[in-house]
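Note sheet for the following structure.
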Amino acid sequence: MSRPRIATVLTARPWESDFVMAARATSSVRIVARAYEAAQVPDDADVVIVGSEVAWVTPVLIGRWVDAGRRVIGIHPAGDAPGRQLLRAGRAHEVRPDDTGSVELVGLARLLAHQPARPATAGTVIVVTGPEGAPGRTEVSILTALTMADRQSSVLVDLDPNPSVSLRLGLAPRPDTSDLAESLHAGGAISDLIRRVGSLDVVAGSFGRGPLERTAARDIVWGLARSYDRVILDTGPWTPADDLVPLADRAIIVCDASPVGVVRTAGMTMEWMGPEPALVLNRVVPGPFDAVAEARRAVGLDPTIVLGFDPSIRLGSLTCRPPDVDRKRSFAGLAA
Amino acid sequence: MDDPLRHPDLVDLGRELRKRFAAVSSAEQEAAAAVRRRRRTLRDRLLDAEDRNDRIRVWTAAATFSGTVEAVGADHLVIATTASELTIGLDHIVGVETTR
């Protein structure tokens, strides 16, 4: 094996720069990144060395690295019990105080890099979104999640800035996504924070507690993907700054079957950065405007599902009843 | 011991304190990144390129050389090109471009 590839997470604490200096002096490992943010940690790093003091480092993120087959060394300020707990909750392979010698840490990194890694599988993340003003995103999320729940363990997460899933399904507003994010950050259990409606597990959206932090939303998605086969996210209206779409394996765009809706969706897909989306054309009415043809032409996507003004769809999402057999097949196709 | 800030009466206070701590941590990390940029030397850049196996292009007063970094010595750089190995004194480098 060639020299191990090590990524560190940049921190103001001296252990990180000392480690890099020791690594350079011994030349026994390669420093391939000193990451300022999570996305800068390369996929092919053998070992990640991370300090618990970094704001965006959470147990879920560390667990994600471990699941991806990277070895993780966690460093916490000496005597800082919560920092140590955070690293242990993330399942870091080694947890050391920051007064550990840098040469010792280099040796530890070399040793860990040669141990076999065991990548774990994660559930599929499906994001349901659409342009501002597209009606039916939440209905489509609920019905998609219900269809999935028949086959595999599935959870619906309401990450819409104006959440309505709990209201529609008659659930109490708390616990919500903020509670779940805090529990994940503390390395606590999540089962008490998830509600069951019929065959579906649901996490209610946080209302009136400020927007969910980017790190918190990421933790929720990755944390649930460890426990469920399917994680369905109702994200609300899409914006170019959307942080959730890049986390998804699949995407569903809901488009209003009106000229304005098609134009808005076409504008959205021009800036789209994410998995190739499936298109749901909603509220199609018979008339001179051929929404299916116009969606194909303007958006460039063949609608996977075409929905008319059907009260049974709304009723199904309100009562948590799965769609009928034919429609179920269509909804199953959304995540195929 | 359980975190006392998880007590139902103190949950909001705990959340606010954690938010402030995260803001301070982020500011510290930003400062660390700035310090790193300011202190980094040309040799550090070349060592980064060697460790990451980046392709580099090096300008001297007389010519331009491209390849991967084979080694970074105390006062020189060795670039592996398709045909040969080239040693350049660090003092003679006027510019470096790296590509991943």
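General remarks:
- With respect to the conditions (1) touching a Pro at 6+ places or on another chain (Cβ under 6 Å); (2) free of Cβ contacts under 8 Å to residues at least 24 places away in the same chain, residue A:69 lacks only one, and its number is (2).
- Hey, residue A:124 crowded, with 24+ Cβ neighbours inside 10 Å, under 30 Å from residue A:169 (Cα atoms) and touching a residue at least 24 places away in the same chain (Cβ under 8 Å) or not: no
- Only listed residue being modelled with pLDDT under 95 and within 26 Å of residue A:13 (Cβ to Cβ), chosen from B:32, B:62, B:74: B:32
- Identification of helices (runs of 4 or more DSSP H) wholly contained in region A:284-336 with 1 or more residues that are under 26 Å from residue A:170 (Cβ atoms) yields A:311-319, A:325-334.
- Lone unmet requirement of (1) open to solvent by 30 Å² or more (accessible area, probe 1.4 Å); (2) within 14 Å of chain A (Cβ to nearest Cβ); (3) in contact with a helix residue (DSSP H, G or I) (Cβ under 8 Å, 6 or more places away or on another chain) for residue B:61: (2)
- Filtered by the rule that a residue be in contact (Cβ under 8 Å) with a residue 12 or more places away in the chain and loosely packed, with under 15 Cβ neighbours inside 10 Å, region B:77-86 gives B:80, B:81, B:82, B:85.
- Unique residue being of a type in the set (A, V, I, L, M), within 8 Å of chain B (Cβ to nearest Cβ) and touching a strand residue (DSSP E or B) at 6+ places or on another chain (Cβ under 8 Å) when the list is A:31, A:6: A:31
- Qualifying residue in region A:94-112 (condition: within 23 Å of the chain's Cα centre (by Cα), open to solvent by less than 20 Å² (accessible area, probe 1.4 Å) and among the hydrophobic types (A, V, I, L, M, F, W, C)): no
- Residue in region B:64-91 that is nearest to the other protein chains (Cβ to nearest Cβ), counting only those that are of a type in the set (S, T, N, Q), closer than 26 Å to residue A:42 by Cα and touching a Lys or Arg at 6+ places or on another chain (Cβ under 8 Å): B:68
- Count - residues of region B:33-58 that are away from chain A (no Cβ under 14 Å) and under 16 Å from the mean Cα position of the chain (by Cα): 3
- Here residue B:56 passes the criteria (1) in contact with a helix residue (DSSP H, G or I) (Cβ under 6 Å, 6 or more places away or on another chain); (2) in a helix (DSSP H, G or I); (3) β-branched (Val, Ile, Thr) except the one numbered (2).
- Any hit, region B:13-32, residues being surrounded by fewer than 15 Cβ atoms within 10 Å (Cβ to Cβ), of a type outside the set (A, V, I, L, M), more than 10 Å from chain A (Cβ to nearest Cβ) and within 30 Å of residue A:216 (Cα to Cα): yes
- Cross-chain or 6+ apart pairs with Cβ under 7 Å, region B:12-26 first and farther than 17 Å from residue A:177 by Cα, then β-branched (Val, Ile, Thr): B:25/A:54
- Of the numbered criteria (1) under 21 Å from the mean Cα position of the chain (by Cα); (2) small (Gly, Ala, Ser); (3) not in a loop (DSSP other than H, G, I, E, B), the one residue A:120 fails is (3).
- For the residues A:180, A:86, A:184, the requirement of being buried (at least 21 other Cβ atoms within 10 Å of the Cβ), within 14 Å of chain B (Cβ to nearest Cβ), at pLDDT below 90 and within 27 Å of residue A:215 (Cα to Cα) singles out A:184.
- Flag for residue B:96 being more than 9 Å from chain A (Cβ to nearest Cβ), at negative phi, under 23 Å from the mean Cα position of the chain (by Cα) and open to solvent by less than 30 Å² (accessible area, probe 1.4 Å): no
- Residue A:39 being more than 13 Å from chain B (Cβ to nearest Cβ) and either surrounded by fewer than 23 Cβ atoms within 10 Å (Cβ to Cβ) or touching a Lys or Arg at 6+ places or on another chain (Cβ under 6 Å) (or both): yes
- Taken together, A:71, A:24 contain a single residue that is more than 13 Å from chain B (Cβ to nearest Cβ) and of a type in the set (D, E, K, R), which is A:71.
- The residues in region A:177-202 that are free of Cβ contacts under 8 Å to residues at least 60 places away in the same chain and under 12 Å from residue A:217 (Cα atoms) can be counted, and the count is 6.
- Test: residue in region B:27-39 that is in contact with a Gly (Cβ under 8 Å, 6 or more places away or on another chain), over 30 Å from residue A:82 (Cβ atoms) and either not in a loop (DSSP other than H, G, I, E, B) or not basic (Lys, Arg) (or both): no
- Yes/no for residue A:241 being small (Gly, Ala, Ser) and open to solvent by less than 20 Å² (accessible area, probe 1.4 Å): no
- Residue in region A:69-79 that is surrounded by 20 or more Cβ atoms within 10 Å (Cβ to Cβ), more than 23 Å from residue B:51 (Cβ to Cβ) and not aromatic (Phe, Trp, Tyr) present: yes
The values are calculated or read from the model by the stated rules, or taken from the named source; none is laboratory data. Everything numeric in this text was worked out from a predicted model, so none of it was measured. Because the Cβ atoms are built from the backbone with ideal geometry, glycine has one as well, and the counts that use them run over all protein chains shown. With ligands, DNA and RNA removed, areas are computed over all heavy atoms of the protein, side chains included. Shrake-Rupley method; radii C 1.70, N 1.55, O 1.52, S 1.80 Å.
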